[in-house]
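Student: Pasting in a structure now, in structure tokens, and then I'll have a few things to ask.
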Amino acid sequence: MELGDGNLAESQNEGGLIQYTIEVSGIPKQAEIIEMDTDLIPVPEKDLWQFAEGEFNISGGEESLNDHNVELTAESGFPDKITVTVYGRVPVLTSVEIVDGVVVTRRITQTTGYIYYHIQALDENRDIIGTGTTKTFSITIPDDEQFMAQLNAVTDPEMREIIDDLYSRGLRDEAKGLLKYAKSPKEATLPFTTAVLIGVLMLIIGLGAGIIFGQIRAKNMQDFQKEYKEN
């Protein structure tokens, strides 16, 4: 496999668009099937898999070009080189739910081990020939990275733990509100118990605000996810 175009970085932001072209060569003579996989998500404007003209067949035809897995076959043997362009979106790990009027942000915990491509040759019995080739990437969430950088700057460890707990439970707006308070300059240092009471008060306010405004924000995020998960 040789990368002809594109940049296959080790890490990609969730939901980002990726396009790359690879050239597959050195295909074993006994290969009857070339199997290709990707974790990228198809998008409406282009097929996920785009093959240059070649003397091979695509299992499933045109309809399979947006599947995560495609199989190529050739009645008279594969050409010396197969050129394929992959165009898709990085999986979105974030989802938004409304629980009793409160906006709760969920995260898929797996962030590593996603594949740009996995290519392997199979014989007539569908046994793997050789070891194949795989290129993987991890997924980053910019909002999380920015939040954690700000959280790590909070000097009060107990306050930092409370904020982190809210954030990990999906109460992102409430956590950000408390983080903003923790970072704001204060004329006098407040006791920790007072800070906790303020945090609880902010949480209650946040719950009320979630009821009023949460559905709008959640619908926007859900529409974004629906557009790319259904394609």
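Student: Across region 1-49, which residue is farthest from Glu75 (Cα to Cα) among those that are of a type in the set (S, T, N, Q) and over 19 Å from the mean Cα position of the chain (by Cα)?
Tutor: Restricting to residues being of a type in the set (S, T, N, Q) and over 19 Å from the mean Cα position of the chain (by Cα), the top hit is Thr21.
Student: Among the strands (runs of 3 or more DSSP E) lying completely within region 65-183, list those that include at least 1 residues that are modelled with pLDDT of 85 or more and of a type in the set (Ser, Thr, Tyr).
Tutor: Passing ranges, in order: 69-73, 81-89, 114-122, 128-140.
Student: Sticking with this one: Cβ-Cβ distance below 8 Å, separation of 6 or more or different chains: which pairs start in region 59-78 with a residue that is under 18 Å from Glu32 (Cα atoms) and without any contact (Cβ under 8 Å) to a residue 12 or more places away in the chain and end on one that is assigned to a loop (DSSP other than H, G, I, E, B) and open to solvent by 30 Å² or more (accessible area, probe 1.4 Å)?
Tutor: Listed pairs, sorted by first residue: Gly60/Asp67.
Student: Next question, about the same structure. I'm trying to understand the selection: among the residues of region 145-163, which are closer than 20 Å to Ser95 by Cβ and open to solvent by 30 Å² or more (accessible area, probe 1.4 Å)?
Tutor: Glu145, Gln146, Met148
Student: Can you work out which of the residues in region 9-29 that are of a type in the set (A, V, I, L, M, F, W, C) and in a strand (DSSP E or B) is nearest to Gly132 (Cα to Cα)?
Tutor: The residue in question is Val24.
Student: Going through region 30-59 one residue at a time, which ones are farther than 17 Å from Ile119 by Cβ, open to solvent by 10 Å² or more (accessible area, probe 1.4 Å) and not in a strand (DSSP E or B)?
Tutor: Answer for region 30-59, where residues must be farther than 17 Å from Ile119 by Cβ, open to solvent by 10 Å² or more (accessible area, probe 1.4 Å) and not in a strand (DSSP E or B): Pro44, Glu45, Asp47, Glu53, Glu55.
Student: Please find, among Ala74, Ala9, the residue that is of a type outside the set (Lys, Arg), closer than 20 Å to Thr112 by Cα and either touching a Phe, Trp or Tyr at 6+ places or on another chain (Cβ under 7 Å) or surrounded by fewer than 17 Cβ atoms within 10 Å (Cβ to Cβ) (or both).
Tutor: Of Ala74, Ala9, the one residue that is of a type outside the set (Lys, Arg), closer than 20 Å to Thr112 by Cα and either touching a Phe, Trp or Tyr at 6+ places or on another chain (Cβ under 7 Å) or surrounded by fewer than 17 Cβ atoms within 10 Å (Cβ to Cβ) (or both) is Ala9.
The values are calculated or read from the model by the stated rules, or taken from the named source; none is laboratory data. On a predicted model such as this, the values are computed, not experimentally measured, just so you know. Positions of Cβ are generated from backbone atoms using ideal geometry, with glycine treated the same way; all protein chains shown enter the neighbour counts. Note: accessible area is taken over every heavy atom of the protein model, side chains too, but ligands, DNA and RNA are not part of it. Shrake-Rupley method; radii C 1.70, N 1.55, O 1.52, S 1.80 Å.
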